[in-house]
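The values are calculated or read from the model by the stated rules, or taken from the named source; none is laboratory data. Owing to the predicted nature of the structure, the values given are computational and were not obtained by experimental measurement. Virtual Cβ from ideal backbone geometry, glycine too; neighbours counted across all protein chains shown.
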Amino acid sequence: MELWHGSPEIVWTPLRGLCRPYNDYGPGFYCTPYAELAREWACPQRGKDGIANRYELDLGGLGVLDLEAEGCSVLTWLAVLVSNRPVQVSSPIARDGMEYLRRVFGIDLEPYDVVRGYRADDSYFSFVRAFLNNTLSVAQVGRAMRLGGLGSQVMVRSELAFGRLCFRGYETVPACEYYPLRMCRDASARRAFQDERAAADLDGLYIRDILREEVGPDDPRIR
């Protein structure tokens, strides 16, 4: 599997011990199968060129969790996210909703070597907070995530997977070209969020409904 990692620098040998603990899916090395996306990620600052690092990952024998697969709902992704990233909640329903997601929809990542799922930067985290505060339905979160187009990420998390990750080269990424593309993608995600927040989903399933009805992973309304 070909993977790309956008960074300000060349990452010859990713090290598990240097990974930050509070990322989307916990400590790991975050990549994407899409070269163009990595080029945008490499340029978070105007006027500062970045590096798109290319790797090969041998998936043979590795445990892979795909949070975008058929059997996973958006609530599964949300549960993994709030289990790994700190979330400031300001209401009892948001607090109870977060705990319910962790308990009912959460997945133990320990058996998995690699995790694939949606990317959750600040734009997507707005979706999470709005959902927990009962202002976005499950369907609206799903639509906003798809329309926002922030893309997929692949996280290499186990020592076994790190050992299978082989550096294959890099390219310098011009910020003059890719920083505007990154900002455009971010603006698209924010517009999708604002559009969904402005709409009324009168028949939608909200966090208050999930708590009251004790909705579980097999409920057809979350698919």
Item to complete: Check off (1) closer than 28 Å to ARG102 by Cβ; (2) in contact (Cβ under 8 Å) with a residue 12 or more places away in the chain; (3) not hydrophobic (A, V, I, L, M, F, W, C) for ASP49 and give me the number that stays unchecked.
Response: (1)
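Just checking, how many residues over segment 56-72 are touching a Lys or Arg at 6+ places or on another chain (Cβ under 6 Å) and either assigned to a loop (DSSP other than H, G, I, E, B) or not hydrophobic (A, V, I, L, M, F, W, C) (or both)? Working first, answer last.
Pass one, segment 56-72, residues touching a Lys or Arg at 6+ places or on another chain (Cβ under 6 Å): 56-58, 66.
Applying the additional criterion that residues be either assigned to a loop (DSSP other than H, G, I, E, B) or not hydrophobic (A, V, I, L, M, F, W, C) (or both) yields 56, 58, 66.
Final tally of qualifying residues: 3.
Please count how many residues of segment 159-195 are within 16 Å of ARG54 (Cα to Cα), part of a helix (DSSP H, G or I) and over 22 Å from the mean Cα position of the chain (by Cα). It would help to see each step written out before you state the result.
Taking segment 159-195 as the starting set, the residues that turn out to be within 16 Å of ARG54 (Cα to Cα) are 161-173.
Going one step further and asking which of them are part of a helix (DSSP H, G or I), we end up with 161-164.
Adding the requirement that they be over 22 Å from the mean Cα position of the chain (by Cα) leaves 163-164.
So the answer is 2.
Quick grid of which residues meet (1) modelled with pLDDT under 90; (2) outside any helix (DSSP H, G or I); (3) β-branched (Val, Ile, Thr):
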| residue | (1), (2), (3) |
| --- | --- |
| ALA94 | no, no, no |
| LEU101 | no, no, no |
| VAL115 | no, yes, yes |
| ALA120 | yes, yes, no |
| SER123 | yes, no, no |
| PHE127 | yes, no, no |
| ASN134 | no, yes, no |
Discussion item. For segment 73-92, which positions are touching a residue at least 12 places away in the same chain (Cβ under 8 Å) and outside any loop (DSSP other than H, G, I, E, B)?
Written reply: VAL74, LEU75, THR76, TRP77, LEU78, ALA79, VAL80, LEU81, VAL82, SER83, ASN84
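Restrict the check to segment 165-182 and report whether at least one residue is of a type in the set (Lys, Arg) and either free of Cβ contacts under 8 Å to residues at least 40 places away in the same chain or more than 29 Å from PRO27 (Cα to Cα) (or both). Lay out the reasoning, then the answer.
Start the filter on segment 165-182 by keeping residues that are of a type in the set (Lys, Arg), which leaves 168, 182.
Checking the rest, the ones that are also either free of Cβ contacts under 8 Å to residues at least 40 places away in the same chain or more than 29 Å from PRO27 (Cα to Cα) (or both) come to none.
For segment 165-182, residues of a type in the set (Lys, Arg) and either free of Cβ contacts under 8 Å to residues at least 40 places away in the same chain or more than 29 Å from PRO27 (Cα to Cα) (or both): absent.
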Practice prompt. Please state which one of ASP49, ASP96 is closer than 19 Å to VAL141 by Cα and of a type in the set (D, E, K, R).
Written response: ASP96
Worksheet entry | Those residues of segment 162-198 which are touching a Lys or Arg at 6+ places or on another chain (Cβ under 9 Å) and among the small types (Gly, Ala, Ser), in sequence order | GLY169, ALA175, ALA192
Practice prompt. Residues being surrounded by fewer than 17 Cβ atoms within 10 Å (Cβ to Cβ) and under 16 Å from LEU65 (Cβ atoms): count how many of those fall in segment 24-44.
Written response: 2
Worksheet entry | Failed condition for LEU205, given (1) part of a helix (DSSP H, G or I); (2) at pLDDT 90 or above | (1)
Worksheet item: Is it the case that segment 68-87 has a residue that's of a type in the set (Val, Ile, Thr), at pLDDT 90 or above, out of contact with any Asp or Glu (no Cβ under 9 Å at 6 or more places or on another chain) and farther than 21 Å from ASP218 by Cα?
Response: no
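Looking at ALA198, ALA130, ALA192, ALA139, can you tell me which residue is over 30 Å from GLY47 (Cα atoms) and touching a helix residue (DSSP H, G or I) at 6+ places or on another chain (Cβ under 8 Å)?
Within the list ALA198, ALA130, ALA192, ALA139, the selection yields ALA130.
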Worksheet, complete the sentence: Those residues of segment 55-98 which are surrounded by 14 or more Cβ atoms within 10 Å (Cβ to Cβ) and over 20 Å from ARG157 (Cβ atoms) amount to SER73, VAL74, LEU75, VAL87, VAL89, ILE93, ALA94, ASP96, GLY97, MET98
Worksheet item: Name the residues in segment 172-219 that are of a type in the set (Ser, Thr, Tyr) and either under 24 Å from GLY106 (Cβ atoms) or exposed (fewer than 14 other Cβ atoms within 10 Å of the Cβ) (or both), would you?
Response: THR172, TYR206
Worksheet item: Just one of GLU40, GLU36 is part of a helix (DSSP H, G or I) and in contact with a helix residue (DSSP H, G or I) (Cβ under 7 Å, 6 or more places away or on another chain); which is it?
Response: GLU40
